[in-house]
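Have a look at the structure below before the remarks.
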């Protein structure tokens, strides 16, 4: 049994469970090992299944997870492997299946073996609405950049030089629909600082016990934390590999703004939330949008595609359509569909380029593709 004070600002057991600041809703991962009398032991397997969109995921003879739900399915240790079957709702399809954050493709079934199940894996299935002649995005927040002109780029961020700030993974993909981690977001905003701002605040020192000196994100997390742009889950735990929520992301963007918000909540589901004012401020600036039903989904995890769409708004980096891009640009195999809602945002984030603004001063047209920025220099300061 886990108990906590609903009014506590933070609570956590390192490695077991965390509660977002100001929240009485948390997540825990607890496993029990029972030892047989006379030696030996039996282990049940625990598989976390996340369903994003409308559909069901069935574990053969073990359980079912429904639309937009997250459940832990217990697999008896007598099973050496378990087949998971993905069943989209009418009008939906499987968009991607992730095992511990790694894509295995848009498969309709997947077998987890005992060597994987021992690690307590996370199986995430993303269902997407079938296209009826264009578009896409399924249940994801598209944050459509054509419905509101964003405000001026914050002074600390470089909105003038359009360099790449997202790089692909070792598998050669950019994974638009994968959730993005806290360390990745800190690194992105670190890269987007103006050079002089980055130099003035550069540090590799922090108070977090889970951010080691040789971690690839150490300098970024240390610098952004020292600037009071990112915060840990506690004073000593940053939780770098945890997925970031939409509220946490909006709060980071809002901290670059010198103004504040004091009006009514701009979304119907943020009343009393610790980041309500920051979410409304970011929305007021035109940096974020919510869902068609008026909600924001503050505690939902944000995908890489959603993150770069919001960041491009903050930076005023918005090509109007695919014809505004350059023929020599880099294209990832999982961002080749020009009808995908995130296609332009991902291309903008993954290619360094020169550009000219259209006469409306909002949209841009690429004029040349430039070499990628070298971010490896910031892996270590010494």
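A compact table of results
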read-out	value
Some residue of the stretch 233-241 being modelled with pLDDT of 95 or more and touching a strand residue (DSSP E or B) at 6+ places or on another chain (Cβ under 9 Å)	no
Only listed residue being farther than 24 Å from residue 214 by Cα and modelled with pLDDT of 90 or more, chosen from 159, 136	159
Any helices (runs of 4 or more DSSP H) falling wholly within the stretch 264-382 and containing at least 3 residues that are closer than 23 Å to residue 224 by Cα and free of Cβ contacts under 8 Å to residues at least 24 places away in the same chain	276-284
Tally, over the stretch 188-217, of residues that are free of Cβ contacts under 8 Å to residues at least 60 places away in the same chain and part of a helix (DSSP H, G or I)	7
Qualifying residue in the stretch 346-353 (condition: surrounded by fewer than 21 Cβ atoms within 10 Å (Cβ to Cβ) and either at pLDDT 90 or above or farther than 22 Å from residue 170 by Cα (or both))	yes
Options 50, 73, 30: the member that is modelled with pLDDT under 85 and either under 26 Å from the mean Cα position of the chain (by Cα) or in a loop (DSSP other than H, G, I, E, B) (or both)	30
Residue that is nearest to the chain's Cα centre (by Cα), among those in the stretch 85-126 that are touching a residue at least 40 places away in the same chain (Cβ under 8 Å), surrounded by 14 or more Cβ atoms within 10 Å (Cβ to Cβ) and not in a strand (DSSP E or B)	101
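Per-residue answers, yes or no, for (1) in contact with a helix residue (DSSP H, G or I) (Cβ under 9 Å, 6 or more places away or on another chain); (2) at positive phi:
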site: 273; (1), (2): yes, no
site: 285; (1), (2): yes, no
site: 306; (1), (2): yes, no
site: 309; (1), (2): yes, no
site: 316; (1), (2): no, yes
site: 348; (1), (2): yes, no
site: 357; (1), (2): no, no
site: 360; (1), (2): no, no
site: 378; (1), (2): yes, no
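The values are calculated or read from the model by the stated rules, or taken from the named source; none is laboratory data. Note that the structure is predicted; figures quoted are calculated from it, not measured. Reconstructed Cβ throughout: ideal geometry from the backbone, glycine too, with neighbour counts over all protein chains shown.
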